[in-house]
């Protein structure tokens, strides 16, 4: 393609980014990404000169970021701090794609920005993913930010550290299990599970006594991922927890473990006072496929009038019975 013709094509595609039809905008952005570097400066110029309305800017930013050219970094960093949450999301994704360390601190600063929009949380997630995508160069800044006074910053960098999975983050994340903010403690538990270091099992066990049920649920999930059979007895003991959502989480984790003791434990849980927990136990028995559970499940089907959220507990028993019967027929 001759240069004037290519420039004309780029200009036409940039114009198409403001089309009323969503598919037209998407296809134009994809085509600009395919054209690559020749489209970078025209796109930068078009964005800087405000050629795109509020609803069309994100697609232009996606096109610019998708090319992956470092010349776009300064503009993308500026967009991160703008009042346009959807454009900021695309800018964060683009900066992770480019992977330049200059974006690290601006991406961390995204966690300080509240767009007063439900999409704010998605912007924070995009920033976490971008920091993890940048990789090892971001580790030092992420670890330093664990002591930031803003708990949103702390939870954001913890999410990035979990995705990054660098063993050097284990000890700082264990320390974060004692954070004053419950959401940070819960995030730290999840991040430790992602990294997969068994040294975290002891500190996570201590979290089973946390005052916040949501943190206890996170700890249970993490222990299930890290400890396997080694935490079986610990989790069974935790079934004494007064919070039904915690007991429900324990049943779901235990159901994934292969232990001969589990059958009797699940039968006992069928008499739990909370319908969600009983339903979870019925489901786990169904997954195990043990015919010995059929009498208890049939009783639940016929007599349990409780609810697990919007669904009847008896419905979970019906599905479990069907699952066991189907397995038996295949033998």
Discussion item. Given the condition closer than 28 Å to residue 125 by Cα, touching a helix residue (DSSP H, G or I) at 6+ places or on another chain (Cβ under 7 Å), at pLDDT below 95 and outside any helix (DSSP H, G or I), answer yes or no: does some residue in segment 197-217 qualify?
Written reply: yes
Worksheet item: assigned by TED's automatic domain parsing to the domain that holds residue 72 and at pLDDT 95 or above: does that describe residue 4?
Response: no
Practice prompt. Enumerate the helices (runs of 4 or more DSSP H) found wholly within segment 268-331, keeping only those where 1 or more residues are more than 32 Å from the chain's Cα centre (by Cα) and either surrounded by 14 or more Cβ atoms within 10 Å (Cβ to Cβ) or in the same structural domain as residue 236 (by TED's automatic domain parsing) (or both).
Written response: 294-303, 313-330
Fill in: Positions within segment 51-69 being outside any helix (DSSP H, G or I) and either over 13 Å from residue 14 (Cβ atoms) or in contact with a strand residue (DSSP E or B) (Cβ under 6 Å, 6 or more places away or on another chain) (or both), in sequence order
53, 54, 55, 68, 69
Worksheet entry | Pair list, Cβ < 8 Å and 6+ apart or interchain, from segment 86-101 residues that are at positive phi to residues that are at pLDDT 95 or above and assigned to a helix (DSSP H, G or I) | 99/133; 99/134
Worksheet item: Taking into account only those residues within segment 102-122 that are surrounded by 22 or more Cβ atoms within 10 Å (Cβ to Cβ) and in contact (Cβ under 8 Å) with a residue 40 or more places away in the chain, which is farthest from residue 157 (Cα to Cα)?
Response: 110
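The values are calculated or read from the model by the stated rules, or taken from the named source; none is laboratory data. Since the structure is predicted, the reported quantities are computational estimates derived from the model, not experimental observations. Cβ sites come from the backbone with ideal geometry, for glycine too, and all protein chains shown count toward neighbours.
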